[in-house]
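Have a look at the structure below before the remarks.
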Amino acid sequence: MSEQNASPRPLDGITVVSLEHAIAAPFCTRQLADLGARVIKIERPAGGDFARAYDTRTKGLASHFVWTNRSKESLTLDVKKDGADTILEALLAKADVLVQNLAPGAAARMGLSFEALRERFPRLVVCDISGYGEGGPYEQKKAYDLLIQSEGGFLSVTGGVGENELAKAGCSIADIAAGMYAYTGILSALMLREKTGVGSRVDVSMLESLVEWMGYPMYYAFDGAEPPARAGAAHATIYPYGPFPVGDGDTIMLGLQNEREWALFCERVLRQPQLLADERFSSNAKRSANRQALRAIIVSAFADLGIQEVVSRLDQAPIANAKVNDMHGVWKHPQLQARKRWVDVSSPKGELPALLPPGANSAFTPRMDAIPALGEHSEAVLAELGYSLSDVEQLKSAGVI
């Protein structure tokens, strides 16, 4: 349960029951918990959410699980055992939201479809997260993040310039996209319930979530036009926009957007104003077409400069730039530290740092409670539902919890 907070949070008093695993649904519900919702996470008694076993990199806990599961209560429940349906029914009677990202069709077979629930629980918001959504030829197809990155076209525009240099995103971008749309979809459904008095269904597809994010390359390739070429860490159609080596072995990331910035870059950063008269570079389209020649000029200009000198010239120009941080650099990022964006949260392995949710609100502080151990809250949750200690022991013996 959340610690007392002086200021009310937007979702105080909202209860979420989640049949969730991996990333998309847990990422969604963690954000609901950030806003004050009580999230009861239902996990399998044997092993729990399989993301718990992805790795042991965070003091023995799995990195994915630590990221997406703080501020939740863990209830172990084998939904296939006799007696589990009674517990689920009692939970849903007290809940505002049900979230699930089980295998396609599994929730419906358990009687947990929106259609099956709406008569008994008319105010309940039901959010179904799946790979491809309900209906259509892909409805029953298994979906994982990398596979959706592939189906959604992301891999076709990401990676190196060679024919076989596909690259996935280094984080679970399709899961994150789906989790974000589930999160905002649930918020809008709760707002709608305030107007109508009844709940609704939120149907989130990982494919549709990622394809929405692919809008620029899709419209760039509209009506049979050539798609953006894979360009590694550089921009496919704007140049110079991407990584360049500097003399001390570091890498600087440049971002030039317009002709005014190109002029400042030539004059104040490269200190080669004559390039402004070079017809090869007189527009973004020409700079992009002649990027290899321009890259050679930039690399040569930076060869005798350290990273701090390059950054200083770029900042004074001013030209957008960034250092290429690794994960250790991000943990120590001076901007995050200056804005006090890190706080400690409890876990079964002790205190762990956690990033405060983006979008700080002046009216309340986000909930930043513990990462739960498997089944940590089972007895307490069942006691609320009227189960005695002997009832709980019987459920344990039967393998229900």
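The values are calculated or read from the model by the stated rules, or taken from the named source; none is laboratory data. Note that this is a predicted model, so its numbers are computed, not measured. Using ideal geometry, Cβ is built from the backbone for each residue, glycine included, and neighbour counts are taken over all protein chains shown.
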| query | Taking region 338-370 on its own, how many of its residues are among the charged types (D, E, K, R), surrounded by 12 or more Cβ atoms within 10 Å (Cβ to Cβ), under 21 Å from the mean Cα position of the chain (by Cα) and not assigned by TED's automatic domain parsing to the domain that holds Thr68? | reply | 1
| task | Show the residue pairs that are 6+ apart or on different chains and have beta-carbon atoms under 7 Å apart, the first residue being within region 378-401 and free of Cβ contacts under 8 Å to residues at least 60 places away in the same chain, the second being of a type outside the set (A, V, I, L, M). | result | Val392/Glu379
| request: Mind listing whichever residues of region 113-170 are of a type in the set (D, E, K, R) and out of contact with any strand residue (DSSP E or B) (no Cβ under 9 Å at 6 or more places or on another chain)? | output: Glu119, Arg120, Arg123, Lys141, Lys142, Asp145, Glu151, Glu163
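Do we find that Val330 is at pLDDT 95 or above, of a type in the set (Val, Ile, Thr), over 30 Å from Pro353 (Cβ atoms) and surrounded by fewer than 17 Cβ atoms within 10 Å (Cβ to Cβ) in this structure? Working first, answer last.
Details: at pLDDT 95 or above: yes; of a type in the set (Val, Ile, Thr): yes; over 30 Å from Pro353 (Cβ atoms): no; surrounded by fewer than 17 Cβ atoms within 10 Å (Cβ to Cβ): yes.
The answer is no for Val330.
For (1) surrounded by 14 or more Cβ atoms within 10 Å (Cβ to Cβ); (2) modelled with pLDDT of 95 or more; (3) not assigned by TED's automatic domain parsing to the domain that holds Val161, each residue gets a yes or a no:
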| residue | (1), (2), (3) |
| --- | --- |
| Met191 | no, yes, no |
| Glu194 | no, yes, no |
| Gly197 | no, yes, no |
| Ser200 | yes, yes, no |
| Ser205 | yes, yes, no |
| Ser209 | yes, yes, no |
| Tyr220 | yes, no, yes |
| Glu226 | no, no, yes |
| Ala229 | no, no, yes |
| query | Consider Leu75 against the criteria (1) exposed (fewer than 15 other Cβ atoms within 10 Å of the Cβ); (2) touching a His at 6+ places or on another chain (Cβ under 8 Å): it satisfies all of them except one. Which criterion is unmet? | reply | (1)
| Does region 278-287 contain any residue that is crowded, with 16+ Cβ neighbours inside 10 Å and part of a strand (DSSP E or B)? | no
| field | Phe302 being of a type outside the set (A, V, I, L, M), surrounded by 13 or more Cβ atoms within 10 Å (Cβ to Cβ) and more than 34 Å from the chain's Cα centre (by Cα) | value | yes
| query | List the pairs whose first member sits in region 306-320 and is in the same structural domain as Ile252 (by TED's automatic domain parsing), whose second member is among the small types (Gly, Ala, Ser), and whose Cβ atoms are under 7 Å apart, counting only residues at least 6 apart or on separate chains? | reply | Gly306/Gly247; Ala320/Gly255
| field | Of the criteria (1) touching a residue at least 12 places away in the same chain (Cβ under 8 Å); (2) within 20 Å of the chain's Cα centre (by Cα), which one Thr184 fails | value | (1)
| Give me the pairs: first residue in region 246-271 and touching a residue at least 24 places away in the same chain (Cβ under 8 Å), second residue charged (D, E, K, R) and part of a loop (DSSP other than H, G, I, E, B), beta-carbon distance under 6 Å, and six or more apart or on different chains, which are they? | Gly247/Asp304
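In this structure, does Pro104 turn out to be modelled with pLDDT under 95, in a loop (DSSP other than H, G, I, E, B) and not polar (S, T, N, Q)?
On the way: modelled with pLDDT under 95: yes; in a loop (DSSP other than H, G, I, E, B): yes; not polar (S, T, N, Q): yes.
Taking the combined requirement at face value, the residue satisfies it.
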| note | For region 231-258 the number of residues that are surrounded by 15 or more Cβ atoms within 10 Å (Cβ to Cβ) and acidic (Asp, Glu) is 1
| said: Just the residues that are touching a Lys or Arg at 6+ places or on another chain (Cβ under 8 Å), under 20 Å from Gln292 (Cβ atoms) and not hydrophobic (A, V, I, L, M, F, W, C), please, taken from region 213-250. | reply: Tyr239, Pro240
| If you check Pro357 against the conditions, is it touching a residue at least 12 places away in the same chain (Cβ under 8 Å), part of a loop (DSSP other than H, G, I, E, B) and in contact with a Pro (Cβ under 8 Å, 6 or more places away or on another chain)? | yes
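Tell me which residues, restricted to region 79-93, are part of a helix (DSSP H, G or I), among the small types (Gly, Ala, Ser) and either outside the structural domain of Glu43 (by TED's automatic domain parsing) or surrounded by 14 or more Cβ atoms within 10 Å (Cβ to Cβ) (or both). Spell out the reasoning first.
Keep residues of region 79-93 that are part of a helix (DSSP H, G or I), which gives 84-93.
In the following step, the residues that additionally are among the small types (Gly, Ala, Ser) were identified as 84, 90, 93.
Ala84, Ala90 - these are the residues of region 79-93 that are part of a helix (DSSP H, G or I), among the small types (Gly, Ala, Ser) and either outside the structural domain of Glu43 (by TED's automatic domain parsing) or surrounded by 14 or more Cβ atoms within 10 Å (Cβ to Cβ) (or both).
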| Residue within region 177-188 that is in a loop (DSSP other than H, G, I, E, B), at pLDDT 95 or above and at negative phi present | no
